[in-house]
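One structure is given below, encoded as structure tokens.
The values are calculated or read from the model by the stated rules, or taken from the named source; none is laboratory data. Because the structure is a prediction, the values reported are computed rather than measured. Here the Cβ is made from the backbone with ideal geometry for all residues, glycine too, and neighbour counts use every protein chain on show.
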Amino acid sequence: MKNEKPPLLEFNRLTVVKGGRKVLDSLSLKIYEGDNMAILGPNGAGKSSLIKVITKEYYPIHADKSCSFWIWGQDQWNVFELRKLLGIVSNDLQAACTRDTSGLDVVLSGFFSSIGLYKERLTPKMKKKAQEAIDFLEIRPLQHRNMNEMSSGEARRFLIARALVHAPKALILDEPTNNLDLHAMYKFTDMIRKITKSGTSVILVTQNLSDIIPEIKRVILMKGGKLYQDGAKDSVLTSGNISKLFGSPVEITTKKGYYYALRA
């Protein structure tokens, strides 16, 4: 049934060159609305470059007419349309938002696709939606604290609330557990599971196998800017595939729906 709609994201023979090197190499991929999926790969695999194509920080080279990138069946869009389809939370965004601005103001700034806040343009509806997102993520007690006074995990939850105010079809999280301690990582993954159960699709972009929550059913492996594997989680996350992907022999084990890599 989902194939009756255009893919949420569609990349066809996408190539991006930076510094004389192909960071994405003729990559083709379709992601549909409703997919909970992970894109897994080592440093330098091209994962973050893929996100930067979506946010128009990187532009593909058009080596041939078949090279294309579509969002919801369209190859042209603006940021105000995009935020209703995709919420994107990256480490670059977190660095930009780590300042003496309250968590609440950062969430409200999502309505303007800005870091600063235009308070004179705020409406009661915007304030209500922001508070609903904050309450959903259970961070109301922190909302008046400045972002540069929060832990990494706390700040990241406000950035996710910032994305959720638009009720996007999917939420893209780039290396979501970087710089989180064990307790913060557990709280964060619990929150992501809550988001998937609310009906918002989650696309995790990560190098950490343990980020892949049980609700994720599809996994894509990337290496050297190319698609390495794509399929159902249990068929992709094998000892052989992960050993080759990271260039280190590992044995994959599972527990309570989570996957872990042990040194072989």
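Scan the range 209-245 for residues that are under 17 Å from residue 44 (Cβ atoms) and out of contact with any helix residue (DSSP H, G or I) (no Cβ under 9 Å at 6 or more places or on another chain) and jot them down.
The answer is 224, 226, 227, 244, 245.
In the range 117-133, which residues are in a helix (DSSP H, G or I), surrounded by 12 or more Cβ atoms within 10 Å (Cβ to Cβ) and out of contact with any helix residue (DSSP H, G or I) (no Cβ under 6 Å at 6 or more places or on another chain)?
127, 129, 131, 132
Determine which member of the set 206, 189 is modelled with pLDDT under 95, among the β-branched types (Val, Ile, Thr) and under 28 Å from residue 53 (Cβ atoms).
Details: 206 fails: modelled with pLDDT under 95.
It is 189.
Find the residue count for the range 183-203, including only residues that are over 19 Å from residue 134 (Cβ atoms) and small (Gly, Ala, Ser).
Selection size over the range 183-203: 1.
Regarding the range 211-219, can at least one residue be identified that is under 28 Å from residue 16 (Cβ atoms) and part of a strand (DSSP E or B)?
Yes; the residues of the range 211-219 include at least one that is under 28 Å from residue 16 (Cβ atoms) and part of a strand (DSSP E or B).
Give the residues of the range 56-82 that are at pLDDT below 85, surrounded by 15 or more Cβ atoms within 10 Å (Cβ to Cβ) and under 17 Å from the mean Cα position of the chain (by Cα), sorted by residue number.
82
From the list 114, 109, which one is among the small types (Gly, Ala, Ser) and either touching an Asp or Glu at 6+ places or on another chain (Cβ under 6 Å) or assigned to a loop (DSSP other than H, G, I, E, B) (or both)?
114
Could you run through the range 182-219 and say how many residues are closer than 20 Å to residue 262 by Cα and either of a type outside the set (A, V, I, L, M, F, W, C) or in contact with a strand residue (DSSP E or B) (Cβ under 8 Å, 6 or more places away or on another chain) (or both)?
Number of matching residues: 11.
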